[in-house]
Amino acid sequence: MTDANIHTVPGEVTGSGKRIIIAGGGTGGHIFPAIAIANALKKIAPATVFLFIGAKGKMEMEKVPQAGYEIEGLDIAGFNRSSLIKNIGLPFKLLKSFLQVRRIFKRFNPDAVIGVGGYSSFPVLRMAQAKGIKNFIHESNSFAGKSNILLGKKATLIFTGTDGMEKFFPADKIRVTGNPVRAVITRAAVSREEGLKHFSLAENRRTVFVVGGSLGARSVNEAIDKGLDELLHAGLQVIWQTGKPYAAKAKERAGNKEAVRVFEFITQMEYAYAAADIVVSRAGAMSVAELCVAKKPVLFVPYPFAAEDHQTVNAQQLVKKEAALMVRDSDVLNELVRETIALANDERKQQELKNNIAALAVTNADEVVAAEMLKLIR
């Protein structure tokens, strides 16, 4: 994706008290773009009234109120690929969620709905389509999910993170916008020195930032755990975001090692990106978008069980452009640490990756999505 594919923001659109539902969540990769879009809509049309809809028990129920927005949770769950027996109650949950959405629509009376992905998007967008309400999809991945493909046929517009999405959606409905990245990252002015100071790390050692997405990544955590001493022996220091399930084990493994910092979740990601010389990351669409903006050499380890293996497709988009490296999840235990050390010792490769990934950065996707929506719901 290049800047030539990105729509520029039209002249400022004024809005007066439009009521917009934003649906989706489950991971930071859905929640943070949703909040970015809301913030952009609010900036262009301050009178806009928002309601987020998410899934009960998921992280959006905490993160959205923290951002200052109201959210309602649905009793809904996604299809469980690992245990078919756990899907027995799924039709009942889906039916219940549709009844909940119908009540919400009756009370809130939305002028428009946008779905950003996650379980809760489907019933909300379906209800909007059934009622003839303007409805929008933001598809962040390079390989569209089945629900969005189905919903795309009746969507008002479909905003995509990358080009080449005509194989999934009607071409005349597609707007290539890029993926909305949090303002704290797009507008970050944190220096490497400030980042390192924030984590109390040394300036004379190269820093590896390991991040498995907002929920963590077991295989990546196990590889770092296994090779931690090797990384330190190579003169590296590590910022390690583990996710909740692995946090206690990682903290025990790190012990009192002064060159390792372990976190369950990092809120101020701008400091972690600033401190990092190399990033090891899953390849969710929003992680990819943030790393393009952060302009960091990255080793992607795509999560192999993502729907339609879309994380591998996301990573390969950058690998083909020599903007990133990739280690397959099946090889991570044996190859990740070795590849990380090799990249840390190759300044020429680091610079090549930085230059190429920087060329793919999009910093105004939230503004473009907001402006395109408001043009159609005035």
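In the elastic network of the chain, a GNM with C-alpha springs shorter than 10 Å, the most mobile of Q66, Q350, Q237 is Q66.
Overall, the ratio between the Cα radius of gyration of region 163-249 and 2.2 N^0.38 Å, rounded to two decimals, is 1.54. Counting neighbouring Cβ atoms within 10 Å and putting the fewest first, the residues H30, H233 line up as H233, H30. The HN-Hα couplings worked out from phi for region 63-72 by the Karplus form 6.51 cos²θ - 1.76 cosθ + 1.60 (θ = phi - 60°) are 6, 5, x, 4, 7, x, 10, 7, 9, 10 Hz, whole numbers, x standing for Gly and Pro. Taking amide H atoms as placed 1.01 Å from N in the peptide plane, the amide H of R175 lies under 5 Å from those of I158, F159, T160, each 5 or more residues away in sequence or on another chain. Annotation note: trypsin sites (Lys or Arg not before Pro) in region 155-214 located in DSSP loop regions with a Cβ neighbour count of at most 14 within 10 Å are R187.
Using every pair of distinct Cα positions in the chain, the Kirkwood expression returns a hydrodynamic radius of 21.3 angstrom. Looking at region 185-358, what % of the alpha carbon pairs are farther apart than 22 Å? Tail of the P(r) past 22 Å holds 37 percent of the pairs. Over region 83-226, the hull volume per residue, using the convex hull of the C-alpha atoms, is 199 Å³. Mind pulling the angle between the C-alpha long axis of helix 218-233 and the longest principal axis of the chain? Nearest 10 degrees, somewhere in 0 to 90. Tilt of helix 218-233: around 30 degrees. Residues S140, S147, S191 in ascending order of nearby Cβ atoms (within 10 Å, fewest first): S191, S147, S140.
Tell me, what is the FRET efficiency for D229 and Q351 to the nearest 0.05, using R0 = 41 angstrom and their Cβ-Cβ distance as r? Calculated value: 0.90. Rounded to two decimals, the Cα radius of gyration of region 261-378 over 2.2 N^0.38 Å is 1.17. Shape index of region 249-310: Rg/Rh, with Rg the Cα radius of gyration and Rh the Kirkwood radius from the inverse mean 1/r over Cα pairs, equals 1.01. Taking amide H as placed 1.01 Å from N in the peptide plane, R206 has its amide H under 5 Å from the amide H of Q237, each at least 5 places away in sequence or on another chain. Full extension of the chain between R103 and E203 yields a length gain of 30.4 nm, computed as 0.36 nm times the residue separation minus the alpha carbon distance. A protection proxy built from the mean count of other Cβ atoms within 10 Å ranks the segments 239-248, 99-108, most packed first, as 239-248, 99-108. Residues whose amide H comes within less than 5 Å of that of L74, counting only those at least five positions distant or on another chain, are G54, A55, K56 (H built at 1.01 Å from N in the peptide plane).
Ordered by the number of other Cβ atoms lying within 10 Å of each residue's own Cβ, fewest first, M59, M127, M286 fall into the sequence M59, M127, M286.
Computed from the coordinates by the stated procedures, all read-outs in this text should not be read as laboratory data. The shown structure was predicted, so the numbers you read here are calculated from the model rather than taken from an experiment. With ideal geometry, Cβ positions are generated from the backbone for all residues, glycine too; neighbour counts draw on all protein chains shown.
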